[in-house]
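Novice: Below is a structure I'd like to ask you about.
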Amino acid sequence: MISNKIHCSFFAKAGCLLLLVVAFFACDDMEDKTKPENTSGIYCANSIYILSEGLINMNNSTLAKFNFQNQELNTDYFLSINNRGLGDTGNDMAIYGSKLYIVVNVSGSVEVINAGTGSSLKQIKLINESNISRQPRYIAFNENKAYVCNFDGTVCRIDTATLQIEATVECGENPDGICVANGKLYVSNSGGLNYPNYDNTVSVIDLATFTEVKKITVAINPGKILSDNEGDVYLVSRGDYGNSGYKFQKINSVRDELVQTFDDINALNFTIHNDTAYIYNYDFNTKECWIKVFDCLQDNVISENFITDSTTLITPYGIDVNPKNGDVYVTDAKNYLVYGNIFCFDNTGKLRFQLKEIGMNPNKVVFR
């Protein structure tokens, strides 16, 4: 995802396209695939949860739920269960054990809910000694601990049983991605709020001591960071949205060194499933996008065009894979000012179904 400061400029640019986007979707030719078939066997999940971040400072993040068995879609699931809103700018979401964790950036909290009932268990406030929000961004898990990177340059460790913050460690500027590999945390330090002086490092934090042991130099403005099954760490750097372009890179987690930059892959965001990465790019100038398929074992692109039918995306905003059957879910933010859609593709790139008008700026899908 993109830093809040950069986000605001996207909204301003997108405003002039509002009428064009609405007209395009009025001619949508995929009406017959707007709902999945009524069988949970094909989709290998009872339900999906979709997080929509809303607009910054508008306090309109939402959590939607779709139940495959009864075909029920609730676009404001959290509100309907808890009688209150989710908060301002939901950035990330994950299921760990029986709990669903939602990172809400501007509200400065991690909302923890019962993944089965939707009831809120606790709203963990991530604030500093001056009672100011740490601006949490992304979350990762390891051995009953949750790790949240925050824009204030810290990572917080949360016990998943007590839901208490146990410790906080400093890293780099405006960390904007986090993952676990080889007994360590890898945190991408974007410096995204310090434009044009972006950061260009990944902090390595030893999990046993919860201390930063190294900073790895990467391309400027690093963001999404994930590990594969072998422990290799991949990340995207988003450059300066001008002269310096997007980069897709690989870190060796044994040596903690940047070992490769894939110059022919201008990646904005990606996800990894079973050593296969699904990588997308969106050009904010031309409005063009693509999704490539990448083999993490061979470190090469195995498909230049993942989508193999006539499905057209406007503005891809998030990508996730159902771990049980390999279906690929892409969220589409359209022009950032109207409710976006969810597209589900099988692993051959053919559209299974879409869910329309889920929420404003949908960015994350999880499966239960």
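Novice: Of all residues in the stretch 149-167, how many are assigned to a strand (DSSP E or B) and surrounded by fewer than 17 Cβ atoms within 10 Å (Cβ to Cβ)? Please lay out each step first, then the result.
Specialist: Residues of the stretch 149-167 that are assigned to a strand (DSSP E or B), as a first pass: 149-150, 154-159, 165-167.
Subsequent filtering for residues that are surrounded by fewer than 17 Cβ atoms within 10 Å (Cβ to Cβ) retains 159, 166-167.
The qualifying residues number 3.
Novice: Can you list the helices (runs of 4 or more DSSP H) found entirely within the stretch 1-116 that contain at least 2 residues being modelled with pLDDT of 95 or more?
Specialist: Values: elements: 4-14, 18-26, 40-43, 77-82.
Here the list reads 77-82.
Novice: Further question: Only one residue in GLY318, GLY340, GLY349 is surrounded by fewer than 19 Cβ atoms within 10 Å (Cβ to Cβ), touching a residue at least 12 places away in the same chain (Cβ under 8 Å) and out of contact with any Cys (no Cβ under 7 Å at 6 or more places or on another chain). Which one? Break it down into steps so the answer makes sense when it comes.
Specialist: Values: GLY318 fails: surrounded by fewer than 19 Cβ atoms within 10 Å (Cβ to Cβ); GLY340 fails: surrounded by fewer than 19 Cβ atoms within 10 Å (Cβ to Cβ).
It is GLY349.
Novice: On to the next question. Checking LYS324 against (1) without any contact (Cβ under 8 Å) to a residue 40 or more places away in the chain; (2) under 20 Å from the mean Cα position of the chain (by Cα), only one condition comes out false. Which one?
Specialist: (1) is the only condition that LYS324 fails.
Novice: Give the stretch 231-249 a look and list any residue that's part of a strand (DSSP E or B) and of a type outside the set (Lys, Arg), or say none.
Specialist: Kept after step one, since they are part of a strand (DSSP E or B), are these residues of the stretch 231-249: 233-237, 247-249.
Those that are part of a strand (DSSP E or B) and of a type outside the set (Lys, Arg): VAL233, TYR234, LEU235, VAL236, SER237, PHE248, GLN249.
Novice: Condition test on ASN189, is it free of Cβ contacts under 8 Å to residues at least 60 places away in the same chain, under 27 Å from VAL366 (Cβ atoms), in contact with a Gly (Cβ under 6 Å, 6 or more places away or on another chain) and surrounded by 18 or more Cβ atoms within 10 Å (Cβ to Cβ)? Spell out the reasoning first.
Specialist: Values: free of Cβ contacts under 8 Å to residues at least 60 places away in the same chain: yes; under 27 Å from VAL366 (Cβ atoms): yes; in contact with a Gly (Cβ under 6 Å, 6 or more places away or on another chain): yes; surrounded by 18 or more Cβ atoms within 10 Å (Cβ to Cβ): yes.
Taking the combined requirement at face value, the residue satisfies it.
Novice: Shifting gears a bit: Which one of these is surrounded by 16 or more Cβ atoms within 10 Å (Cβ to Cβ), of a type in the set (A, V, I, L, M) and in contact with a Gly (Cβ under 7 Å, 6 or more places away or on another chain): VAL236, VAL204? Please lay out each step first, then the result.
Specialist: Values: VAL204 fails: in contact with a Gly (Cβ under 7 Å, 6 or more places away or on another chain).
Only one candidate passes the filter, namely VAL236.
Residues are listed down the side, and each one gets a yes or a no for (1) farther than 23 Å from ASN142 by Cα; (2) modelled with pLDDT under 95; (3) surrounded by fewer than 18 Cβ atoms within 10 Å (Cβ to Cβ); (4) touching a strand residue (DSSP E or B) at 6+ places or on another chain (Cβ under 7 Å):
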| site | (1), (2), (3), (4) |
| --- | --- |
| GLY223 | no, no, no, yes |
| VAL259 | yes, no, yes, yes |
| ASN274 | no, no, yes, no |
| ILE279 | yes, no, no, yes |
| SER310 | yes, no, yes, no |
| LEU313 | yes, no, no, yes |
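Novice: What's the number of the condition GLN135 fails, among (1) touching a Lys or Arg at 6+ places or on another chain (Cβ under 6 Å); (2) surrounded by 20 or more Cβ atoms within 10 Å (Cβ to Cβ); (3) over 20 Å from ILE251 (Cα atoms)?
Specialist: Single failed check for GLN135: (1).
Novice: Could you list, in sequence order, all residues of the stretch 168-186 that are in a strand (DSSP E or B) and either free of Cβ contacts under 8 Å to residues at least 60 places away in the same chain or among the acidic types (Asp, Glu) (or both)? Explain how you work it out, then say what you get.
Specialist: Initially, the stretch 168-186 is screened for residues in a strand (DSSP E or B), giving 168-170, 175-181, 184-186.
Listed by number, the residues that qualify are THR168, VAL169, GLU170, PRO175, ASP176, GLY177, ILE178, CYS179, VAL180, LEU185.
Novice: Let me ask something else about it. Name the single residue, out of those in the stretch 51-75 being closer than 17 Å to LYS356 by Cα and without any contact (Cβ under 8 Å) to a residue 24 or more places away in the chain, that is surrounded by the fewest Cβ atoms within 10 Å (Cβ to Cβ).
Specialist: The qualifying residue surrounded by the fewest Cβ atoms within 10 Å (Cβ to Cβ) is GLU72.
Table: residues versus (1) under 16 Å from the mean Cα position of the chain (by Cα); (2) surrounded by fewer than 17 Cβ atoms within 10 Å (Cβ to Cβ).
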position: ARG84; (1), (2): no, yes
position: ASP92; (1), (2): yes, no
position: ILE95; (1), (2): yes, yes
position: LEU100; (1), (2): yes, no
position: SER107; (1), (2): no, no
position: VAL110; (1), (2): yes, no
position: ASN114; (1), (2): no, yes
position: SER119; (1), (2): no, yes
position: LEU126; (1), (2): no, no
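Novice: Among the candidates ASN229, ASN221, single out the residue that is in contact with a helix residue (DSSP H, G or I) (Cβ under 7 Å, 6 or more places away or on another chain) and either in contact (Cβ under 8 Å) with a residue 24 or more places away in the chain or under 15 Å from GLY177 (Cβ atoms) (or both). It would help to see each step written out before you state the result.
Specialist: Values: ASN229 fails: in contact with a helix residue (DSSP H, G or I) (Cβ under 7 Å, 6 or more places away or on another chain).
Of the residues listed, the single one that is in contact with a helix residue (DSSP H, G or I) (Cβ under 7 Å, 6 or more places away or on another chain) and either in contact (Cβ under 8 Å) with a residue 24 or more places away in the chain or under 15 Å from GLY177 (Cβ atoms) (or both) is ASN221.
Novice: Now for a different question. Do we find a residue being in contact with a Gly (Cβ under 6 Å, 6 or more places away or on another chain), of a type in the set (Lys, Arg) and either at pLDDT below 95 or under 28 Å from PRO323 (Cα atoms) (or both) anywhere in the stretch 288-296? If you could, list the steps in order and put the result at the bottom.
Specialist: Filtering the stretch 288-296 for residues in contact with a Gly (Cβ under 6 Å, 6 or more places away or on another chain) gives none.
Within the stretch 288-296, none of the residues are in contact with a Gly (Cβ under 6 Å, 6 or more places away or on another chain), of a type in the set (Lys, Arg) and either at pLDDT below 95 or under 28 Å from PRO323 (Cα atoms) (or both).
Novice: Exactly one of these conditions fails for ASN144: (1) touching a residue at least 60 places away in the same chain (Cβ under 8 Å); (2) surrounded by fewer than 22 Cβ atoms within 10 Å (Cβ to Cβ). Give me its number.
Specialist: (1)
The values are calculated or read from the model by the stated rules, or taken from the named source; none is laboratory data. This structure is a prediction, so every number in the text was calculated from the model and none was measured. Counting neighbours? That spans all protein chains shown, and the Cβs are built from the backbone with ideal geometry, glycine included.
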